[in-house]
Amino acid sequence: MRIGIPKEIKVHEYRVGMTPASVREAVAHGHEVFVERDAATRQGIGDDDYERAGAKMLTTAADVFAAADLIVKVKEPQPSEYAMLRRGQTLFTYLHLAPDPQQTRALLTADVVAVAYETVTSPRGGLPLLAPMSEVAGRMAIQAGAHCLEMEQGGRGMLLGGAAGVAPAKVVVLGGGVSGVNAVRMAIGLEAQVTVLDVNLERLYGLDQQFGAAVNTIFSTRQAIEDYVLEADLVVGAVLVPGAAAPKIVTANDVAAMKRGSVIVDISIDQGGCCETSRPTTHASPT
């Protein structure tokens, strides 16, 4: 098979579809791999690293798309890449089509075989390609939220773990999946006061067994969301519906009623995430 690795062009995307080690494995199994020049220089991986692994370096993304039967990316194709796709070509990447009808129409028009990382399911029902990114996003959500809580960023001027004589921040995590669990782990590690809400009682039971008294587990209802979100200093949205757009469970009225300078980090926006402080507003990104 002829495999193509173009450079990612989505804003703030610095990853690459395959590392030199992965390329070497593919070449060892008889495949040809084409990599766009400078595809991974931002990671400190040079073109010579790919060449030593057996890849053939091509000058432009168009060259890569034209040469390959299988395109391996990280993020969904951008509008400038739609025209490079061709009928029968296979695209393997994160797609997140539910909130993106423009991309869905473009892929249908191109008549490609598009396989979304986030929907690949293991025999036990897990999401093995989404889980590692969710783990990173959950951990970074707390890091981004702590930064946004700084007064200079428009936040409340709080340390998550408080200090001697000062109460810790109240962190509320909406969703107890992979992202939520990792957000909880990080927040507990920073000695915040942590509450997690979920509609899955078995998951809440597992979190209670895993973290004990360090986390408050609450069944998610409209009333519970209002009660805990309005008192929170940092809210992390970590709700996932596989293959569908994430539900909006915190309303604009909820945000307006939150404490001034409190922070919302929503991992589930386009599976990417954003961070904002409530009245005033600033933005950052956990992923």
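The values are calculated or read from the model by the stated rules, or taken from the named source; none is laboratory data. Every value quoted in this text rests on a predicted model; they were computed, and no experiment measured them. All Cβ positions, glycine included, derive from the backbone under ideal geometry; neighbour counts span all protein chains shown. Calculation scope for accessible area: heavy atoms of the full protein, side chains included, ligands and nucleic acids excluded. Shrake-Rupley method; radii C 1.70, N 1.55, O 1.52, S 1.80 Å.
Here are the criteria: (1) part of a strand (DSSP E or B); (2) within 16 Å of PRO77 (Cα to Cα). Tell me which single one ARG15 does not satisfy.
(1)
I'd like to check which strands (runs of 3 or more DSSP E) are fully inside the range 41-123 and have at least 2 residues that are over 24 Å from ALA28 (Cα atoms).
Once the strands (runs of 3 or more DSSP E) in the range 41-123 are filtered for at least 2 residues that are over 24 Å from ALA28 (Cα atoms), what remains is 113-116.
Residue under question is ALA68, and the condition is that it be surrounded by 20 or more Cβ atoms within 10 Å (Cβ to Cβ), of a type outside the set (Asp, Glu) and under 25 Å from THR119 (Cβ atoms); does it hold? Before you say what the answer is, go through the steps one by one.
Numbers: surrounded by 20 or more Cβ atoms within 10 Å (Cβ to Cβ): yes; of a type outside the set (Asp, Glu): yes; under 25 Å from THR119 (Cβ atoms): yes.
The answer is yes for ALA68.
In the set GLY17, GLY88, GLY4, which member is under 19 Å from GLN103 (Cβ atoms) and in contact with a Lys or Arg (Cβ under 6 Å, 6 or more places away or on another chain)?
Criteria check complete, one pass: GLY17.
Which condition from (1) of a type in the set (Asp, Glu); (2) open to solvent by 20 Å² or more (accessible area, probe 1.4 Å); (3) at pLDDT 95 or above is the one that ASP270 breaks?
The number of the failed condition is (3).
Among the residues of the range 122-137, is any small (Gly, Ala, Ser) and surrounded by 20 or more Cβ atoms within 10 Å (Cβ to Cβ)? It would help to see each step written out before you state the result.
Of the residues in the range 122-137, the ones small (Gly, Ala, Ser) are 122, 125-126, 131, 134, 137.
Narrowing the set further to residues that are surrounded by 20 or more Cβ atoms within 10 Å (Cβ to Cβ) leaves 134, 137.
Within the range 122-137, one or more residues are small (Gly, Ala, Ser) and surrounded by 20 or more Cβ atoms within 10 Å (Cβ to Cβ).
Search the range 1-12 for residues being open to solvent by less than 60 Å² (accessible area, probe 1.4 Å) and assigned to a loop (DSSP other than H, G, I, E, B), and hand back the single one that is farthest from ALA137 (Cα to Cα). Please lay out each step first, then the result.
To start, the set of residues in the range 1-12 that are open to solvent by less than 60 Å² (accessible area, probe 1.4 Å) comprises 3-8, 10.
Those still in the list that are assigned to a loop (DSSP other than H, G, I, E, B) too: 6-8, 10.
On the way: PRO6: 24, LYS7: 22, GLU8: 19, LYS10: 17 Å.
It comes out as PRO6.
Has the range 184-198 got at least one residue that is over 19 Å from GLY162 (Cβ atoms) and of a type in the set (S, T, N, Q)? Can you show your working first?
Step one: list which residues in the range 184-198 are over 19 Å from GLY162 (Cβ atoms), which gives 196-198.
Right, trim to of a type in the set (S, T, N, Q) and you get none.
No, the range 184-198 has no match at all.
What tally of residues in the range 128-166 results from selecting those that are of a type outside the set (Val, Ile, Thr) and outside any loop (DSSP other than H, G, I, E, B)?
20
Of the residues that sit in the range 177-198 and are assigned to a loop (DSSP other than H, G, I, E, B) and modelled with pLDDT of 95 or more, which one is most open to solvent (accessible area, probe 1.4 Å)?
GLU191
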